[in-house]
1. So, residue 139, is that one more than 10 Å from the ligand (Cβ to nearest atom), assigned by TED's automatic domain parsing to the domain that holds residue 56, in contact (Cβ under 8 Å) with a residue 24 or more places away in the chain and of a type in the set (Lys, Arg) or not?
2. If you go through the range 80-133, how many residues are near the ligand (Cβ under 9 Å from one of its atoms), in a loop (DSSP other than H, G, I, E, B) and farther than 17 Å from residue 56 by Cβ?
3. Can you find a residue in the range 95-106 that is surrounded by 14 or more Cβ atoms within 10 Å (Cβ to Cβ), under 13 Å from residue 64 (Cβ atoms) and among the β-branched types (Val, Ile, Thr)?
Amino acid sequence: MSGCDGVCGNESVQPVEPKGLSRRALLASFGAGLAAIGFSTLGETAAYAAKTYTVCKTTDVKVGSGKVFRPKGSSGFVLVTQPRKGVWRAFDARCTHEQVPVAGAANNVVVCNQHGAQFNADTGTATAGPARRSLKKYKVAVSGTSVKVTF
Ligand code: FES
């Protein structure tokens, strides 16, 4: 009698594997369950594959400003800014505070009218609360006079 009621000192406890269900089978079953409810890595990649949209014309966004667009064929809102002449930036237009679209940008400051958060129009960094996280950056390219954004 050691005087110990449970697991004591140097005793080791071996994991008990359910009979008829190996660890591999259990993991495969778990993966199938995740896939069934939409958490498949491959499925996610296919469902959210990035696409390039022509969002606006270069004349639509003046230097130091930014506008929100909803590209044709997309359900998302995109903020396009031109912080300096010929320098283009694109962001997910949803404010990182409560996910409503920001209003746009002036003097290189992106403003959310919902609660007053502000972001840097060049970097997307939050500069005034209540939002604390930066806007999500998208890849942007100019082709002729078209501003194309990939997201
Ligand atoms: S939703 Fe933008 S500041 Fe609150």
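The values are calculated or read from the model by the stated rules, or taken from the named source; none is laboratory data. As the structure is a computational prediction, the values presented were derived from the model and not from experiment. Here the Cβ positions follow ideal geometry from the backbone for every residue, glycine too, while neighbour counts run over all protein chains shown.
1. Against the criterion (more than 10 Å from the ligand (Cβ to nearest atom), assigned by TED's automatic domain parsing to the domain that holds residue 56, in contact (Cβ under 8 Å) with a residue 24 or more places away in the chain and of a type in the set (Lys, Arg)), residue 139 qualifies.
2. Of the residues in the range 80-133, 15 are near the ligand (Cβ under 9 Å from one of its atoms), in a loop (DSSP other than H, G, I, E, B) and farther than 17 Å from residue 56 by Cβ.
3. no
Condition check ((1) more than 22 Å from residue 49 (Cα to Cα); (2) in contact with a Ser or Thr (Cβ under 8 Å, 6 or more places away or on another chain)) across all residues:
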position: 66; (1), (2): yes, yes
position: 84; (1), (2): yes, no
position: 93; (1), (2): no, no
position: 97; (1), (2): yes, no
position: 111; (1), (2): yes, no
position: 119; (1), (2): yes, yes
position: 123; (1), (2): yes, yes
position: 139; (1), (2): no, yes
